[in-house]
Structure formats: C-alpha cells, structure tokens
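Colleague: Sharing a structure with you now.
Every number here is computed from the coordinates shown, using simple stated rules; none is lab data. If you're wondering where the values come from, they're calculated on a predicted model, not measured in any experiment. Neighbour counts run over all protein chains shown; Cβ positions are idealised from the backbone, glycine included.
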Amino acid sequence: MSAQHEKEMWTAKLRKAWQKNLPIEKLLPDTQPAYVASWIYLFGVATLSALGVIIFSGLILAFEGPSWYHLSSPGHFVNSLHFWSVQLFFVFMVIHLWGKFWMAAWRGNRMLTWVTGGIAFVASIGTAFTGYLVQTNFDSQWISYEAKDGFNSVGIGAWFNVTNLGQQLLLHVAFMPLILGVITVIHVLMVRAKGVVPPIDAFNKVLEEKK
C-alpha cells in the first residue's frame, strides 16, 4: 500500500487528528496549573468518583436482583450505597456546574465542553428517574403511576410506558447509562484537550496557552 493511499484512509486521518488535538501529554498529564489546587476544581473529580460508585453498586444490584437487595443485609447495604452515591453525584454535579458557570468556563474555546457538561446533567436526570421506577417497592409503584398520567397527557405514554418494569429496567441499566457514559467520556476528553479553565483574573498569557 502506498504512502499516498495510506494518507487517504479514515483510520490514518483519525489517528493524526487524535495525535494533533489530544497528544499523550495532554491525555495523561504529570503536572497541573497552580490554580487547580482551589477547592472549586475538586467537584468535577468528585462527580466522576460518585459515578464510579454508582456504576459498581448498580452492577451488583442488577446481577443479584430485587429479592437480594430487599431481603438480605448485604443487599440493603449495596442498595443504600447505590442510593446515597446518586445523591452525592447530583450534589457534586450541581456545585460543579454552577461553579463553572460563575467562572465562565466557556472561555478559551471551551463552549462545547460546557455544553457537554449540561447535556450530561440532563441525561443523569433521566437515568435517575428510571432508577426510581425500578426499585420494585411501593415508592416506585406510586411514582410510576403518578408519572404515567403526565406522560399520557403529552402523548408519549404509548411508547414510553413508565409502568412497564422491563422497559424501565432496560432504560436504567443499559440505554441511559450508555448515553451518560459516552457524554461523560467526551466531556473529560475535551477537558484534557483544552485544559481546565483558569480563573477569570488569571493572566491573559495563561488563557492563550490553553487555547
């Protein structure tokens, strides 16, 4: 295969674009700017940490089933771990989003980074909602039948049936986490490519270096 032909392959173009926009020193940096020591920069990592606990505990709950997490002590513990990690996830994410909003985190060509963070927040709400519907207890039954009227009123109850446990379980365990995971990975990669946003009062040369 000629070198000219190789340049035209989509794999070569993808590799070169990746190396140009996200070299290994940006993907796995060994240093960070001094301002990253500020507490406001911790909530992004805290959100990712909580998400990791959610995924780990959620996989255990999915494999063991409702009888295990309703009737056994280890199941109660993992179920509680999953529930409270979700609460911390939203607390950390809201603080992270508001903190970046007041820092004008879209500066330095970071608008798409900010947008993907907002989309991830919306996707996490849908994931959490379906999670409430698959608890298989009285709360989930009450929530699903209350929500059913709302979805029927806007004409989407026929294909999004919140009282269908199988459908909601599929959405909560597979579909919604997949969307949230992909958006999160894209968001983190964009942060690596552009760098964390400096404080508003940082020197202009720092802003230029991060573009």
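Colleague: Per residue of the stretch 16-29, in order, report the coupling 6.51 cos²θ - 1.76 cosθ + 1.60 (Karplus, θ = phi - 60°) as ³J(HN,Hα) in whole Hz, putting x for Gly and Pro.
Modeller: Values per residue, Gly and Pro as x: 5, 5, 5, 5, 6, 8, 9, x, 4, 5, 7, 5, 10, x Hz.
Colleague: Run through the stretch 126-177 and list the chymotrypsin sites (Phe, Trp or Tyr not before Pro) located in a DSSP loop whose Cβ has at most 12 other Cβ atoms within 10 Å.
Modeller: Those satisfying the criteria are 159.
Colleague: Further, regarding this structure: Hey, if you drop one equal point scatterer on each alpha-carbon of the stretch 37-88 and run the Debye formula without solvent, what base-10 log of I(q)/I(0) do you get at q = 0.18, 0.23 Å⁻¹?
Modeller: -0.57, -0.77
Colleague: How much mean residue ellipticity at 222 nm does the chain get from its helices, if each DSSP H run of length 4 or more adds -39500 (n - 2.57) and you divide by all residues, to the nearest 500 deg cm²/dmol?
Modeller: Using -39500 (n - 2.57) per qualifying helix, the result is -23000 deg cm²/dmol.
Colleague: Output the relative contact order of the stretch 37-157, whole-number percent, from Cα pairs under 8 angstrom with separation of 6+ residues.
Modeller: Rounded, it is 23 percent for the stretch 37-157.
Colleague: For the chain, divide the Cα radius of gyration by the Kirkwood radius and give the resulting Rg/Rh value with two decimals.
Modeller: A ratio of 1.07.
Colleague: Sorted by packing (mean other beta-carbon atoms within 10 Å per residue), highest first, where do 31-41, 102-112, 82-92 land?
Modeller: Ranked from most to least packed, the peptides come out as 82-92, 102-112, 31-41.
Colleague: Need one number: nm distance between label points at residue 129 and residue 107, each 7 Å from Cα along Cα→Cβ, rounded to one decimal.
Modeller: 3.5 nm
Colleague: Taking the Cβ-Cβ separation of residue 71 and residue 186 as r and a Förster radius of 45 Å, what is the calculated FRET efficiency to the nearest 0.05?
Modeller: Calculated value: 0.70.
Colleague: Then there is this: Which ³J(HN,Hα) values in Hz, rounded to whole numbers, follow from the phi angles of the stretch 70-86 under the Karplus curve 6.51 cos²θ - 1.76 cosθ + 1.60, where θ = phi - 60° and Gly and Pro get x?
Modeller: 9, 10, 10, 5, x, x, 4, 5, 5, 4, 5, 4, 5, 5, 6, 5, 5
Colleague: Restricting things to Cα coordinates, could you compute the convex hull volume per residue of the stretch 103-211 in Å³?
Modeller: In the stretch 103-211, the Cα convex hull volume per residue is 117 Å³.
Colleague: Full extension from residue 156 to residue 13: what is 0.36 nm times the residue separation minus their Cα-Cα distance, to one decimal in nm?
Modeller: Full-extension gain reported as 47.3 nm.
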